[in-house]
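Q: Mind looking over this structure? Questions follow.
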Amino acid sequence: MKKRILAYGRLNEAQLAQLSRDFEVQDFHGLDSFDDSTFRAALPEAHGLIGSNLKILPELLEEAPSLEAIASVSVGYDNYPVETLTERGILLCNTPDVLTETTADTGFALIMATARRVVELADFVRRGDWQASIDRDHFGSDVHGKTLGLVGFGRIGAAVARRGALGFGMQVRYSNASPKPALEAELGAERRELDELLAEADFVCVTVPLSEATRHLIGPRQLALMKPSGILINIARGPVVDEAALIEALEMGRIRAAGLDVFEREPLSPESPLPHMANVVALPHIGSATHETRTAMAQRAVDNLTLALHGERPISLVNEGAWEKRRGRQPRP
Ligand code: DGY
């Protein structure tokens, strides 16, 4: 009997067809909540889940006794109870690498847009306010030659840094749990404590994953350390930045601007002042959202799940412990 998969997002026809060759696939495309009764009815028989954007709580797993693997169409896995999955021997797979460059492009777009006030001034033209040569009130600030501080220096942080160092002659500073000697040699990057980095950088770009250790990593104290001319970019996860503190810092002119692809609550609440602030560029979480990259991410998830359900090691595995458990070994301490 074929194993059963519940698919709830971001797969194209060819990818669904690929899965259907080996598995029984139930397509829940567009599912916006796990409260859906048809989904819940199918869950007890499911061996695999594939999708993105919906938070899986440990309680939901109680209803999925046959579940062997979850393939998330995302690199971030803050939506999953990793510890519970590992205890239950359920493999969690993600999609690193294929989205690195696209997400770094988004980060750099935000750097350029905030520094050169691209959105604000495009709106100025659109409104018909361009009646004479613009004056210094509309000047932006340079990007080239400035100091770029990366908070987190994983794949995406390094790809943003590469753009800055090699394309724009920027000095790169980074804060990260471990040093990155190869990137230091490649980009002339220098490691700093977070506080030092915040004080030194012209652009602070947040790329750390969300965890309990990074929730509100950038709060009022950290924002106060930034230069008044400093610009904060967040392409990681909204809750890494204390949004109320950020709004206050922007309103009080404690920092110059912010470029945000992610928010504490998504979609952004209509009450949020952020999209209405002239010194904010707010995007609807489009880090990896290009046709090419979203297709590649979905394909990686399909390949991960196919391997996992055939008892083979997936390409991108988040919880090594679950793999060891499935193979009958004890997880390493
Ligand atoms: C990711 O892959 O984690 C991106 O944020 C898109 O969801």
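Q: Taking the options Arg117, Arg88, name whichever one is at negative phi, crowded, with 17+ Cβ neighbours inside 10 Å and among the basic types (Lys, Arg).
A: Values: Arg117 fails: at negative phi.
So the residue among Arg117, Arg88 that is at negative phi, crowded, with 17+ Cβ neighbours inside 10 Å and among the basic types (Lys, Arg) is Arg88.
Q: Restricting the range 67-79 to residues that are within 16 Å of the ligand (Cβ to nearest atom) and surrounded by fewer than 23 Cβ atoms within 10 Å (Cβ to Cβ), which is nearest to Ser288 (Cα to Cα)?
A: Within the range 67-79, the first condition is being within 16 Å of the ligand (Cβ to nearest atom), and the residues that meet it are 70-79.
Remaining after also requiring surrounded by fewer than 23 Cβ atoms within 10 Å (Cβ to Cβ): 74, 76-79.
Numbers: Ser74: 9, Gly76: 11, Tyr77: 15, Asp78: 16, Asn79: 17 Å.
The extreme case among them is Ser74.
Q: Which ones in the range 83-119 are of a type outside the set (A, V, I, L, M), away from the ligand (no atom under 16 Å from the Cβ), part of a helix (DSSP H, G or I) and over 19 Å from Val151 (Cβ atoms)?
A: Glu83, Thr84, Thr86, Glu87
Q: How many residues does the range 266-309 contain that are part of a strand (DSSP E or B) and surrounded by fewer than 18 Cβ atoms within 10 Å (Cβ to Cβ)?
A: Our first condition is that a residue be part of a strand (DSSP E or B); within the range 266-309, this holds for 280-282.
Next, only the ones that are surrounded by fewer than 18 Cβ atoms within 10 Å (Cβ to Cβ) stay: none.
The total comes to 0.
Q: How many residues does the range 120-155 contain that are out of contact with any Ser or Thr (no Cβ under 7 Å at 6 or more places or on another chain), assigned to a loop (DSSP other than H, G, I, E, B) and within 21 Å of Val206 (Cα to Cα)? Show your work before the answer.
A: Taking the range 120-155 first, the residues out of contact with any Ser or Thr (no Cβ under 7 Å at 6 or more places or on another chain) are 120-140, 142-149, 153.
The next check asks that each one be assigned to a loop (DSSP other than H, G, I, E, B); those that pass are 127-135, 139-140, 142-146, 153.
If we keep only those that are within 21 Å of Val206 (Cα to Cα) too, we end up with 142-146, 153.
So the answer is 6.
Q: In the range 227-240, is there at least one residue being in contact with a Cys (Cβ under 6 Å, 6 or more places away or on another chain), closer than 30 Å to Met1 by Cβ and within 16 Å of the ligand (Cβ to nearest atom)?
A: Looking for residues that are in contact with a Cys (Cβ under 6 Å, 6 or more places away or on another chain), closer than 30 Å to Met1 by Cβ and within 16 Å of the ligand (Cβ to nearest atom), one finds none in the range 227-240, hence no.
Q: Hey, Arg163 hits all of (1) assigned to a helix (DSSP H, G or I); (2) away from the ligand (no atom under 16 Å from the Cβ); (3) in contact with a strand residue (DSSP E or B) (Cβ under 8 Å, 6 or more places away or on another chain); (4) not small (Gly, Ala, Ser) but one; which does it fall short on?
A: The one condition Arg163 does not meet is (3).
Values in this text are rule-based calculations from the coordinates and carry no lab data. Just so it is clear, the structure is predicted and the values come from calculations on it, not from any experiment. No Cβ is skipped: glycine too gets one built from the backbone with ideal geometry, and neighbour counts run over all protein chains shown.
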